[in-house]
Amino acid sequence: MEEVLLLAKDKVNVNIEFKEETQRVVKPTVEMVVKLGMLNQVCFSSFMHKHKIWLEEVRLELNIPHPLEFGFLVWQLQDFSDLLSTAATSTDTLNIDIDLLDKHEAFILQEMIKAQEKQMKIKFYFAFEKEENDEVYKRLEDLKVDTLIINHPLKSIDYLRGAKGKLVEA
């Protein structure tokens, strides 16, 4: 991981997804990011939202003065009121599977509003098998989504170039 972070340093932002169900990887991962001076370039994320609490504990232990960005990865339909009221900060993001928007739009839009009221950013991600196309990109643009996590960057670049100047060209 350190090698990849060094390649990205001062060039691009990086998402580090915690996949383990334990907290043992949280502290060494944060320590590496601190050592490399990349806290402002990294978003930590997980489908297991308890990692947010563990990340905050490590932040306090390491005397990091500001909250660390955490992406709450969402793949199933659920009400996030409790989570958003107890754990989320304005540096965090709600990262939603695009399939949930397709299948449960009204509910997902309500959850987006709750997150935005907490000053959280909204990101949508595409599963590998999900088709990406101009119609989907336009829909997300109209919803004023902050970030798309995509699998086909060339398709998104084509969309940006065809957006008649509304979006910044990649």
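The values are calculated or read from the model by the stated rules, or taken from the named source; none is laboratory data. Please read all numbers here as calculations on a predicted model, not as lab measurements. Every residue, glycine among them, receives a Cβ derived from its backbone with ideal geometry; neighbour counts consider all protein chains shown. Surface areas here come from the heavy atoms of the whole protein model, side chains and all, with no ligands, DNA or RNA. Shrake-Rupley method; radii C 1.70, N 1.55, O 1.52, S 1.80 Å.
General observations
- Whichever residue in region 114-130 is touching a residue at least 24 places away in the same chain (Cβ under 8 Å) and assigned to a helix (DSSP H, G or I) and, among such residues, is most open to solvent (accessible area, probe 1.4 Å): Lys114
- Asp134 acidic (Asp, Glu), farther than 23 Å from Met48 by Cα, at pLDDT 85 or above and surrounded by 12 or more Cβ atoms within 10 Å (Cβ to Cβ): yes
- Leading residue by the ranking (nearest to Glu69 (Cα to Cα)) among those in region 1-39 that are of a type outside the set (Val, Ile, Thr) and open to solvent by less than 50 Å² (accessible area, probe 1.4 Å): Leu39
- With a requirement of 1 or more residues that are within 22 Å of Lys130 (Cβ to Cβ), the helices (runs of 4 or more DSSP H) lying completely within region 1-113 that satisfy it span 98-103.
- Residue within region 62-70 that is surrounded by 15 or more Cβ atoms within 10 Å (Cβ to Cβ), on the phi < 0 side of the Ramachandran plot and over 19 Å from the mean Cα position of the chain (by Cα) present: yes
- The lone exception for Leu39 - which of (1) closer than 30 Å to Gly162 by Cα; (2) without any contact (Cβ under 8 Å) to a residue 60 or more places away in the chain; (3) hydrophobic (A, V, I, L, M, F, W, C) it fails: (1)
- For region 88-99, the count of residues that are more than 20 Å from Asn15 (Cβ to Cβ) and not small (Gly, Ala, Ser) is zero.
- The numbered conditions (1) at pLDDT below 95; (2) in contact with a Pro (Cβ under 9 Å, 6 or more places away or on another chain) are all true for Arg59 except (1).
- Failed item in (1) out of contact with any strand residue (DSSP E or B) (no Cβ under 9 Å at 6 or more places or on another chain); (2) exposed (fewer than 14 other Cβ atoms within 10 Å of the Cβ), with Trp75 passing the rest: (1)
- For region 50-95, a tally of residues being over 20 Å from Ala127 (Cα atoms) and not acidic (Asp, Glu) returns 27.
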